[in-house]
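Okay, structure first, notes after.
Bear in mind these aren't lab numbers, they're just calculated from the coordinates by the rules spelled out. For clarity, every value in this text was computed on a predicted model and none was experimentally measured. Here the Cβ is made from the backbone with ideal geometry for all residues, glycine too, and neighbour counts use every protein chain on show.
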Amino acid sequence: MALTIGDTAPDFTAQTTEGEISFHDWLGDSWGVLFSHPRDFTPVCTTELGYMASIKPEFDKRGVKIIGLSIDPAENHEKWAKDIEETQGTAPNYPLIGDPDFTVAKAYEMLPADVSGDPTERTPADNQTVRNVFVIGPDKKIKLVLVYPMTTGRNFDEVLRVIDSLQLTANHKVATPAQWQQGDDVIIAGSVSDDQAKETFGEWESPKPYIRIVPQPSK
Ligand code: BEZ
């Protein structure tokens, strides 16, 4: 079974564009986003890496470290970074993991265990399953896994929206409804009895007994 919500994010040591890292040490007590790419110099991924650089302040604000991965040596990432800056206006301002021996991609179950050989002989399509987004909590547990097709650029604003929901629901016994955005009403968690809810929230709107709507609690 693939890695899923609640699993511990596999730890690893790897070369990145910012030197060698041990992943769990690098995360420290922060939240993290690991997003992966099949090969360097691929068009959709070029746009994604540039966009992530442009919205990194949004991740910083939320206490989230971001890190990319691509199945090429870290030295190639440095050359790709120049193209990303030239074409997207922002070079990666976060580390990009080199994974030429597929160690990290395999640990995160994005490639089968029997993949081997020269990574530069593989086409991006050979690695098309290496297009995931993992959100990792300060407890090192996986909180979200998104798997994208190679022809669809990722919506990283959605990743920020999920992080807002995860951080809110980690601190308050609420859940967030469809299309929720920061500041919208929320739903009292099903695990909270009406008596407990009265103590915590006072009153709520209730179109059905199992849907209890309250304003978003402040942080
Ligand atoms: C890309 O455009 O980023 C891409 C192309 C082929 C395979 C994977 C990614």
Report the residue count in the stretch 1-10 for those that are within 19 Å of Leu111 (Cβ to Cβ) and touching a residue at least 40 places away in the same chain (Cβ under 8 Å).
6
Output for the stretch 149-169, where each listed residue is surrounded by fewer than 18 Cβ atoms within 10 Å (Cβ to Cβ), assigned to a loop (DSSP other than H, G, I, E, B) and under 13 Å from the mean Cα position of the chain (by Cα):
Asn155
Inside the stretch 25-50, can you point out the residues that are surrounded by fewer than 17 Cβ atoms within 10 Å (Cβ to Cβ) and within 23 Å of Val147 (Cβ to Cβ)?
Phe41, Pro43, Thr47
Residues of the stretch 101-129 being assigned to a helix (DSSP H, G or I) and either surrounded by 15 or more Cβ atoms within 10 Å (Cβ to Cβ) or away from the ligand (no atom under 16 Å from the Cβ) (or both), which ones?
Thr103, Val104, Ala105, Lys106, Ala107, Pro119, Asp126, Asn127
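Does Thr90 satisfy the criteria of being assigned to a helix (DSSP H, G or I) and over 22 Å from Met1 (Cβ atoms)? Steps first, answer last, please.
Numbers: assigned to a helix (DSSP H, G or I): no; over 22 Å from Met1 (Cβ atoms): yes.
No, not satisfied.
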Could you please find all residues in the stretch 24-52 being hydrophobic (A, V, I, L, M, F, W, C), under 14 Å from the mean Cα position of the chain (by Cα) and either assigned to a helix (DSSP H, G or I) or under 22 Å from Ala125 (Cα atoms) (or both)?
Leu27, Leu34, Phe35, Leu49, Met52
Phe156 in contact with an Asp or Glu (Cβ under 8 Å, 6 or more places away or on another chain), within 16 Å of the ligand (Cβ to nearest atom) and not small (Gly, Ala, Ser)
yes
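Which residues, taken from the stretch 24-49, are of a type in the set (Val, Ile, Thr) and near the ligand (Cβ under 10 Å from one of its atoms)?
Going through the stretch 24-49, the residues of a type in the set (Val, Ile, Thr) turn out to be 33, 42, 44, 46-47.
Listed by number, the residues that qualify are Thr42, Val44, Thr46, Thr47.
Restricting the stretch 137-148 to residues that are in a loop (DSSP other than H, G, I, E, B) and charged (D, E, K, R), which is farthest from Val44 (Cα to Cα)? Lay out the reasoning, then the answer.
Initial filter on the stretch 137-148 (in a loop (DSSP other than H, G, I, E, B)): 137-140, 148.
From what is left, the residues that are charged (D, E, K, R) are 139-140.
Values: Asp139: 32, Lys140: 29 Å.
The residue in question is Asp139.
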